[in-house]
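Quick notes on the structure that follows.
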Amino acid sequence: MSTELECRICGYHCAAPAAGELGACRGNTERFAGVSHHLWKCPRCASIHNIDPVDFADLYRDYPLNQRRLDVFARGTLRNLLRRLERAGLAKDASILDYGCGNGVFIDYLRQRGYTDVHGYDPHVPAFARHPEGRFDCVVANDVIEHVADPRATIADFAALVRPGGMLYIGTADSEPVRMDDLEPHLMRLHQPFHRVIVTERSLHRLAAETGYAMVAHWRRSYMDTLLPFANYRFLDEFSRALGHVLERSFHPSASRVMFRRPRLWLYAFLGYLSPSAYEPAVLLRRPPGAVAAIETTEESQA
């Protein structure tokens, strides 16, 4: 391989990556399940990059997760996400922006829970495609930075939308435990070709520090990991695996039948929290009063 690679997270350059840094896996949607997606894991910071060219408009024209509904599973996991914000002081009258909102499931959930000043932004969903103006008391950017070509630039964008004294929540996938010679077990977290850059928990904390905002709280476990039956990451992962890791099958009315063909899924449904198959680190930051977002993009900051 002669193409020079550059890590978007730490700035590492490489013209001849070692064999152990490269890998390929199939996608986990109907459209991309038969396509081989090429990945590179940075040897310095362990971030995983999709190195194939991409047309984002085409990529998201039929994104399966935009078919999500506010069902019992979504409510269980979103309740956990909202608790994280409420424990940090989120008030019912706060202005909230869900950045990367998809089809607005979290927006609907917040409104049902009594939050009235809720907004969404997602450049790939026509109903939410207009970039927000002004600033918000709380910006939630969950499962966003792994979907973009330049996570640092995207963090700068949504950090600037937080009012002084406001909160910023960033959650993402975790690349650290992934072995490039054994990618099949990680198809759910890799979510190819939609995840463009996947970082480690340590890199997420470093990116968070570059904003200049104060750390309020951080988590290693996914917000999807709860003690509620069926609402834990391990169950969702094993359920997806039983359906061939094709995302659309999970939304089909007949999907639940797999529970009777794979009895072990019942164990994960109730006890999966005790044995997570992956982590999804998150940080909750507060913008100091009067502070200006200070995202560093210089060569020195990336070294």
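Throughout, read-outs are computed from the coordinates displayed, never taken from laboratory work. Here the structure is a predicted model, which is why all the values come from computation and not from measurement. Here Cβ is always computed from backbone atoms with ideal geometry, including for glycine, and neighbour counts include all displayed protein chains.
Annotation for Asp55 and Ala160: the two label points, set 7 Å from Cα along the Cα-Cβ direction, are 2.9 nm apart. According to the square roots a ≥ b ≥ c of the eigenvalues of the Cα gyration tensor, what is the shape class of region 60-159, taking rounded for a/c under 1.5, prolate for a/b larger than b/c otherwise, and oblate for the remainder? It is oblate, given that a/c is not under 1.5 and a/b is not larger than b/c. By the Cβ distance rule of under 4.7 Å, the chain has these cysteines without a partner: Cys14, Cys25, Cys101, Cys138. Each helix, a run of at least 4 DSSP H residues, gives -39500 (n - 2.57); summed and divided by the residues of the chain, these come to -7000 deg cm²/dmol at 222 nm. Work out the charge dipole of the chain with +1 on the Cβ of Lys and Arg and -1 on the Cβ of Asp and Glu about the Cα centre, then indicate which of Tyr115, Pro53, His131 is farthest towards its positive end. Selected residue: Tyr115. For the listed peptides 251-259, 278-286, a ranking on the average number of other beta carbons within 10 Å per residue, highest first, reads 278-286, 251-259.
Under the shape rule built on the C-alpha gyration tensor, where the axes satisfy a ≥ b ≥ c, region 5-293 is oblate, since a/c reaches at least 1.5 while a/b does not exceed b/c. FRET efficiency for the Ala127 to Arg261 pair, using the beta carbon distance and R₀ = 45 Å, is estimated at 0.75. The distance linking region 82-151 with region 3-36 is 30 Å (Cα centroid to Cα centroid, whole angstrom).
Per residue, the average separation of C-alpha pairs within less than 8 Å and at least 6 apart gives region 138-262 a relative contact order of 21 percent. Ranked by the mean number of other Cβ atoms within 10 Å per residue, highest first, peptides 218-228, 6-16 order as 218-228, 6-16. Over the chain, Cα pairs under 8 Å with separation of 6+ residues give a relative contact order of 22 percent.
This model, with +1 at the C-beta of Lys and Arg and -1 at the C-beta of Asp and Glu, gives region 123-210 a dipole about its Cα centre of some 320 debye.
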